[in-house]
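Each remark here refers to the structure printed beneath this line.
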Amino acid sequence: MSERAALSRAFLERAGWGGAARGFLAGDASDRSYDRLTNSAGTAVLMDAPPGRGDDPAAFVAIAAHLRGLGLSAPEVLAADLPNGFLLLEDLGDALFARLLPDPVAEPMLYAAATDVLVHLQDAPAPAGLPDLSAQDWAEAAGFAPDWYAFAATGQRPDRARFTALLAEAMARHADGPRVLILRDYHAENLLWLPEREGLARVGLLDFQLAQMGQPGYDLVSLLQDARRDVPGDIERSMMLRFAAATGAGEASFTATYAVLGAQRALRILGVFARLCLVAGKPGYVALIPRVWDQLWRNLRHLALAALAEECRALLPEPRPALLERIRGQCGRMR
């Protein structure tokens with residue numbers, strides 16, 4: 001038995017779940033993993049977040065408490081071993097939005113419910129002490145695209161000074177207003193449908209430990225420009241208008257905000273997915289790059305991003321099949 005396995009077993013013994021059957025539930029781009037536990041009392045979920053790997057389970061506990069205090073369905077924390085990175089969580093089930101979609105009847109209802117959760121979440125004061133990045137910081141974060149995607153595609157890291165300056169300017173002009181709490185990874189793989197609950201509590205929330213202060217439209221972009229699935233254009237447009245109306249944002253100004261945030265997010269994800277292949281040895285993310293590329297260029301068509309679009313054409317090659325194979329061929333070589 002590994003040291004990590006022994007620690008998790010001791011934690012479960014202390015929490016009264018030592019004799020539970022245990023099966024792998026999920027993993028993701030981070031080092032976190034989740035197991036489902038089953039015993040005579042029911043089920044629970046073990047989160048294993050190894051310390052020092054970027055995810056702080058204490059942040060999960062704090063944000064979960066905040067969300068539940070707003071009447072939203074974050075998992076209840078049943079037991080915790082924060083120094084060793086273990087949490088025992090309420091099991092919210094398997095009805096992920098991603099498994100219920102696409103469904104021509106359910107799809108509009110699910111996206112409307114998820115959009116309304118964001119409106120409610122952002123209408124409440126955020127917890128104190130969360131990170132709050134500047135427009136320049138957000139632009140720097142998008143540097144993953146030239147630093148990792150362009151590097152994986154060409155073997156060279158281009159000078160990104162002008163790229164960063166143009167994106168920082170667009171962020172400052174169109175997406176730098178009052179901040180709200182954002183959950184960062186708000187999409188169909190992290191949302192559950194809980195029809196036995198009422199109102200906004202029917203949307204179960206997962207993977208929010210990286211929550212921070214951010215722009216009101218950021219999580220909406222995460223929801224509607226999903227790297228893992230195509231959201232129908234009519235639903236994306238409808239939810240944009242629903243959110244803008246509910247938050248009092250003007251349609252024209254919010255359209256520009258949405259495009260700028262969408263471009264920033266797509267650029268960062270392009271680089272993250274390339275890095276996950278090269279450094280973490282996870283080639284599955286390469287297959288998602290073309291969808292993110294298409295989302296990027298839909299955003300870059302907005303007039304507010306004309307100069308950035310020109311710079312992206314110069315720095316970032318199109319992910320044609322041969323280029324994607326080149327990236328896959330380097331998988332794990334930079335570990």
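The values are calculated or read from the model by the stated rules, or taken from the named source; none is laboratory data. Here the structure is a predicted model, which is why all the values come from computation and not from measurement. Methodologically, a virtual Cβ is constructed for each residue, glycine included, from the backbone with ideal geometry; neighbour enumeration extends over all protein chains shown.
Below, the figures for the structure above:
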| read-out | value |
| --- | --- |
| Residue count for segment 189-201, restricted to those that are outside any strand (DSSP E or B), in contact with a helix residue (DSSP H, G or I) (Cβ under 7 Å, 6 or more places away or on another chain) and buried (at least 20 other Cβ atoms within 10 Å of the Cβ) | 0 |
| Residue satisfying condition, being basic (K, R), in a helix (DSSP H, G or I) and on the phi < 0 side of the Ramachandran plot, within set R313, R335 | R313 |
| Tally, over segment 121-135, of residues that are part of a helix (DSSP H, G or I) and surrounded by fewer than 16 Cβ atoms within 10 Å (Cβ to Cβ) | 1 |
| Selection within segment 74-96 - farther than 19 Å from L7 by Cα, in contact with a helix residue (DSSP H, G or I) (Cβ under 9 Å, 6 or more places away or on another chain), surrounded by fewer than 22 Cβ atoms within 10 Å (Cβ to Cβ) and of a type outside the set (D, E) | L96 |
| Set A106, A124: member being modelled with pLDDT under 95, among the hydrophobic types (A, V, I, L, M, F, W, C) and either outside the structural domain of V61 (by TED's automatic domain parsing) or closer than 25 Å to V180 by Cα (or both) | A106 |
| Test: residue in segment 292-303 that is at pLDDT 95 or above, assigned to a helix (DSSP H, G or I) and in contact with a His (Cβ under 6 Å, 6 or more places away or on another chain) | no |
| Qualifying residue in segment 249-263 (condition: in a helix (DSSP H, G or I), without any contact (Cβ under 8 Å) to a residue 24 or more places away in the chain and closer than 23 Å to D123 by Cα) | yes |
